[in-house]
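Input: a single structure, listed below in structure tokens.
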Amino acid sequence: GGPKQRQVLACLIAARSRTVRVDALAEDLWGDEPPTTAVHVISTYVSGLRKVLGDRITSDGGGHALVLRDGDVVDAWALEESVDRARGLLDSDPAAALALLPGRPSLGRPFGALADDSELVRIEADRLEEVQLQAAQVRIAAELGLGRYDAVLPELRLLCDLHRYHEGLHALRMLALYRAGRQVEALDT
């Protein structure tokens, strides 16, 4: 579909199986002055989505939701679960924690440009960016637990440059530098 239909789908995905009211969708799509046909247009967008996604798109009198079936996977939600499980294994089994997480994932903006056009999507995109950052931190901590100090330093430098005030990243960088035998740089950090 077109950009507005993709925006409706992104809003439904961002809602994480909760119903999004039609008036909230209209406001998200058109701002404070939706057209008089907004309800009909949204219904048309949802109908088109239903042709592709089937009964995963549910509707009640006031809104629409994207509901997953058994076996459906949303990679962002799976990443959140992996980060939580890996965090619990860091101290006891860093290798197992590392195995739960993807390699160096792209730290690109979740939802891409749709996050710029939609307030509902932007909120979820911001949250998912934080999850990506947490995944990177847990993965780096696991690699440090396995003694891979020098291997993580380039990524840590980049992450620290991108997130200047993120104390957890700076602490990991100081630890990696110290354990790599670069105490002066660790103190400078």
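The values are calculated or read from the model by the stated rules, or taken from the named source; none is laboratory data. A quick note: this is a predicted structure, and the numbers were derived from the prediction, not measured. Please note: Cβ atoms are built from the backbone with ideal geometry, for glycine as well, and neighbour counts cover all protein chains shown. These accessible areas exclude ligands, DNA and RNA; they are computed on the full protein's heavy atoms, side chains included. Shrake-Rupley method; radii C 1.70, N 1.55, O 1.52, S 1.80 Å.
Just flag the chymotrypsin sites (Phe, Trp or Tyr not before Pro) in the stretch 42-136 sitting in loop per DSSP whose Cβ has no more than 14 other Cβ atoms within 10 Å. The partial results should precede the final answer.
Details: sites: 45, 77, 111; in loops: 111.
Nothing satisfies the criteria.
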For this session: Tabulate in residue order the Karplus-calculated ³J(HN,Hα) for the stretch 171-186, using 6.51 cos²θ - 1.76 cosθ + 1.60 with θ = phi - 60°, rounded to whole Hz; enter x for Gly and Pro.
Result: 5, 5, 5, 4, 5, 4, 4, 4, 5, 7, x, 10, 4, 4, 5, 4
For this session: Let me have the relative contact order for the chain, percent, based on Cα pairs under 8 Å that are six or more residues apart.
Result: 18
Problem set entry | In the stretch 3-68, trypsin sites (Lys or Arg not before Pro) in a DSSP loop with at most 14 other beta-carbon atoms within 10 Å | 16, 18
Seminar exercise, completed: Here the stretch 148-155 yields Karplus 3J(HN,Hα) values (6.51, -1.76, 1.60; θ = phi - 60°; whole Hz; Gly and Pro given as x) of 8, 5, 5, 5, 8, 4, x, 5
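Rounded, prolate or oblate: which fits the stretch 69-173, taking a ≥ b ≥ c as square roots of the Cα gyration tensor eigenvalues, rounded meaning a/c under 1.5, else prolate when a/b beats b/c? Walk me through the numbers before you get to the answer.
Values: a/c = 2.52, a/b = 1.33, b/c = 1.90.
The shape class here is oblate.
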Problem set entry | Label corresponding to Cα Rg over 2.2 N^0.38 Å when calculated from the structure given, among (i) 1.05; (ii) 1.31; (iii) 1.19 | (ii)
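Whenever you get a sec, line up 93, 84 from highest to lowest accessible area (probe 1.4 Å, protein heavy atoms). Present the calculation step by step, with values, prior to reporting the outcome.
On the way: 93 65, 84 95 Å².
The most accessible residue leads, giving 84, 93.
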Exercise. Per-residue HN-Hα couplings for the stretch 34-50, Karplus 6.51 cos²θ - 1.76 cosθ + 1.60 at θ = phi - 60°, whole Hz, x for Gly and Pro?
Worked result: x, x, 5, 8, 4, 4, 5, 4, 4, 4, 5, 4, 5, 4, x, 5, 5
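Going by a ≥ b ≥ c, the root eigenvalues of the Cα gyration tensor, does the stretch 114-156 fall in the rounded group (a/c under 1.5), the prolate group (a/b larger than b/c) or the oblate group?
On the way: a/c = 7.42, a/b = 3.31, b/c = 2.24.
The shape class here is prolate.
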Exercise. If you roll a 1.4 Å probe over the heavy atoms of the protein chains, what accessible area per residue do you get for the stretch 1-133, in Å²?
Worked result: 57
Exercise. What residues qualify as long-range amide H neighbours of residue 67, i.e. H under 5 Å apart, gap of 5 or more or another chain, H built at 1.01 Å from N?
Worked result: 57, 58
Exercise. Anyone know which of 140, 13, 123 comes out most mobile in the 10 Å Cα GNM of the chain?
Worked result: 123
Exercise. Can you give the FRET efficiency for residue 18 and residue 40, using 1/(1 + (r/R0)^6), R0 = 25 Å, r = Cβ-Cβ distance, to the nearest 0.05?
Worked result: 0.60
Seminar exercise, completed: For 165, 149, the accessible-area ranking with a 1.4 Å probe, largest leading, is 165, 149
